[in-house]
Amino acid sequence: MSVLPSNLLPTAFKRLDLEKRLVVLDMGHASSSTVGFFSHFRCRLSFVDLHNEPFITCPDSDLSHQELVAKMTKALNLDVDIKVDICLFWDLFNYLSDAMIKALIDALEPHINHSTSGYVIGTRDSRNQLPFCRYGIIDKSNLTEHEGLGIQGTIHPRSQRDLNKLIDYFEIDRGQLLSKGRAEYLLFENRDSDKSNKSII
């Protein structure tokens with residue numbers, strides 16, 4: 001395990017109303033450090049490890065968008081009335097095709113409101129490869145990274161601009177460079193954004 005400093009995660013936490021019960025959606029491998037960190041808050045912490053879902057590891061190109069949305073919705077398994085305060089996407093988008101990202105964003109839409117934030121780790125640009133890691137949170141400014149388990153999935157490297165066009169009602173608000181060819185992005189809900197030619201880093 002190693003520690004990875006984050007410049008953007010503190011901003012996501014500043015947006016949270018810590019007086020209310022938080023809903024946290026972690027789309028990575030369940031991490032003991034993340035569980036320990038959020039144990040200090042009143043919150044509902046859900047882990048949804050989409051990396052190992054069969055429809056993602058063995059994609060079927062014949063599935064329609066609505067069929068993909070249905071599979072994503074089933075995998076998320078969120079109560080109908082739940083609104084998520086922060087989505088920890090980690091590096092998930094890098095392992096999803098464009099069609100799968102659009103399906104995930106549509107499946108999440110009923111659970112997103114104006115105060116929802118998202119945290120993403122991606123490649124600096126479409127030419128970079130991605131380290132095979134599992135992530136967690138130590139504190140508001142530091143992450144954990146462990147070597148990945150098993151075989152790394154197919155990578156879909158894309159630029160920040162290309163990712164921004166796929167995430168619909170989310171918008172990349174800011175980005176910072178990380179080590180090993182990575183970048184971290186902070187997403188905010190913004191349904192009125194013009195994404196035609198926006199780049200943060």
Original post:
Picking from Ala99, Ala75, which residue would you name as being part of a helix (DSSP H, G or I), in contact (Cβ under 8 Å) with a residue 12 or more places away in the chain, more than 26 Å from Thr11 (Cβ to Cβ) and touching a Ser or Thr at 6+ places or on another chain (Cβ under 9 Å)?
Top reply: Ala99
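The rows are residues; the columns are (1) closer than 18 Å to Ser31 by Cα; (2) at pLDDT 95 or above; (3) touching a helix residue (DSSP H, G or I) at 6+ places or on another chain (Cβ under 6 Å); (4) buried (at least 18 other Cβ atoms within 10 Å of the Cβ).
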site: Lys74; (1), (2), (3), (4): no, yes, no, no
site: Ala107; (1), (2), (3), (4): no, yes, yes, yes
site: Ile112; (1), (2), (3), (4): no, yes, no, yes
site: Asn128; (1), (2), (3), (4): no, no, no, no
Subject >> the range 157-185, subset in a loop (DSSP other than H, G, I, E, B), touching a helix residue (DSSP H, G or I) at 6+ places or on another chain (Cβ under 8 Å) and at pLDDT 90 or above, residue nearest to Ser33 (Cα to Cα) >> reply: Ile167
Original post:
Out of the residues in the range 47-69 that are more than 17 Å from the chain's Cα centre (by Cα) and surrounded by 15 or more Cβ atoms within 10 Å (Cβ to Cβ), which is modelled with the lowest pLDDT?
Top reply: Pro59
**OP:** Scan the strands (runs of 3 or more DSSP E) fully inside the range 106-156 and keep the ones with 2 or more residues being over 16 Å from the mean Cα position of the chain (by Cα).
**Re:** 133-139, 142-147
Original post:
Which of (1) modelled with pLDDT under 90; (2) under 29 Å from Ser39 (Cβ atoms); (3) of a type in the set (Gly, Ala, Ser) does Gly118 not meet, given it meets every other one?
Top reply: (1)
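The values are calculated or read from the model by the stated rules, or taken from the named source; none is laboratory data. None of these values were measured; they are calculated from a predicted model. Ideal geometry is used to build each Cβ from the backbone, glycine not excepted, and the neighbour counts take in all protein chains shown.
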